[in-house]
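Down below is the structure, laid out as structure tokens.
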Amino acid sequence: MKHNAPLVIFDWDGTLVDSIGIISQTLVDSATTLGASLTLNSAKQVIGLGLPQAAQALFPKQSLGFHQQFVAQYKALFVGTACEPMPFPGAMALLQELHVQGFGLAIATGKARFGLDRALRVSGLQDFFTSTRCADETKSKPHPLMIYEILAEMNHSQQPVFMVGDTTHDLFLAHNAGVTAVAITTGAHSKQQLQLANPHCLCENLDQVARFIHRSV
């Protein structure tokens, strides 16, 4: 059966969950452990990419071996954190509202599958999403394959489709897949950066995201 209701695809970190601080610090700590220098601002720029792509972007002159060590170090440090970052205020209510209204809901994230499954379980949001895609099981953002796979899994046959995210990686993913790009300023990239990626809507919080989606369907 085809799914013809509007579909909203969310990024995870910085969009639904207040996790940018811990992710960027863990990236910095991973670099420090390997004797490399990394600022928090530089770390924020790669959030949303898969970890191998993030390592390559942060340390383009380093070897593949270094990149692999960096990824392994990050995973070890992040899994060892004391607590999982929690959803932003209003995230649960928004997902409940959209679900009751018949919207399809999905996630497209730079997280690995293990990390997303843990985050979904701890946050209590796992039951809202029909489809999820992670960067370690498909192409990393901004390649559109992640969205194409979600549409195929959900047998979604028509617009509207919204991609909601806090980084330019999310917005370019949306543009590349031909869906509506919705930016939110709660995460890794600044308002100015998001504006340069030409989103269809720029929102300051999830309430504004909800209003834009409802106006558009």
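Read-outs throughout are calculated quantities, based only on the coordinates presented, and are distinct from any laboratory measurement. Here the structure is a predicted model, which is why all the values come from computation and not from measurement. Note: ideal-geometry Cβ built from the backbone for every residue, glycine included; neighbour counts use all protein chains shown.
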Quiz item: Given H placed 1.01 Å from N in the peptide plane, which residues other than close sequence neighbours of Ile107 have an amide H under 5 Å from its amide H?
Solution: Phe10, Ser131, Thr132, Arg133
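Provide the percentage of antiparallel DSSP beta bridges, counting only those with both residues in the chain; round to the nearest 5. Walk me through the numbers on the way to the answer.
Values: 1 of 23 bridges.
If we restrict to bridges inside the chain, about 5 percent are antiparallel.
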Quiz prompt | Computed [θ] at 222 nm, deg cm²/dmol, the chain (DSSP H ≥ 4; -39,500 (n - 2.57); rounded to nearest 500) | solution = -13500 deg cm²/dmol
Self-check item: log10 of Debye I(q)/I(0), alpha-carbon scatterers only, for the chain at 0.07, 0.15, 0.17 Å⁻¹
Solution: -0.20, -0.92, -1.17
Quiz prompt | 24 Å tail of the calculated P(r), region 92-217, as % of Cα pairs | solution = 23 percent
Self-check item: Rounded, prolate or oblate (a/c below 1.5 giving rounded, otherwise prolate when a/b exceeds b/c) for region 20-79 by Cα gyration tensor
Solution: rounded
Quiz prompt | Lys pairs under 25 Å by Cα in the chain, provided they are eight or more residues apart or on distinct chains | solution = 18
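May I ask you to compute the full-extension gain from Ser63 to Leu145, defined as 0.36 nm times their residue separation minus their alpha-carbon distance, rounded to one decimal in nm? Don't skip to the end; give the middle numbers.
On the way: separation 82, 0.36 × 82 = 29.52 nm, distance 2.71 nm.
The span from Ser63 to Leu145 would gain 26.8 nm if fully extended.
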Quiz item: Hey, what do the phi angles of region 32-37 turn into as Karplus ³J(HN,Hα) couplings, whole Hz, using 6.51/-1.76/1.60 and θ = phi - 60°, x for Gly and Pro?
Solution: 4, 4, 8, x, 10, 9
Quiz item: Ranking Cys201, Cys134 by Cβ neighbours within 10 Å, fewest first, what do you get?
Solution: Cys201, Cys134
Practice problem: Compute the distance in nm between two label points, each set 7 Å from the Cα along the Cα-to-Cβ direction, one at Asn155 and one at Val217. | Solution: 2.0 nm
Practice problem: Provide Rg over Rh for region 155-210; use the alpha carbon set for both Rg and the Kirkwood Rh (inverse mean inverse pair distance). | Solution: 0.98
Quiz item: Hey, what angle do you get for helix 113-123 against the long axis of the chain, alpha-carbon based, 0 to 90 degrees rounded to 10?
Solution: 60 degrees
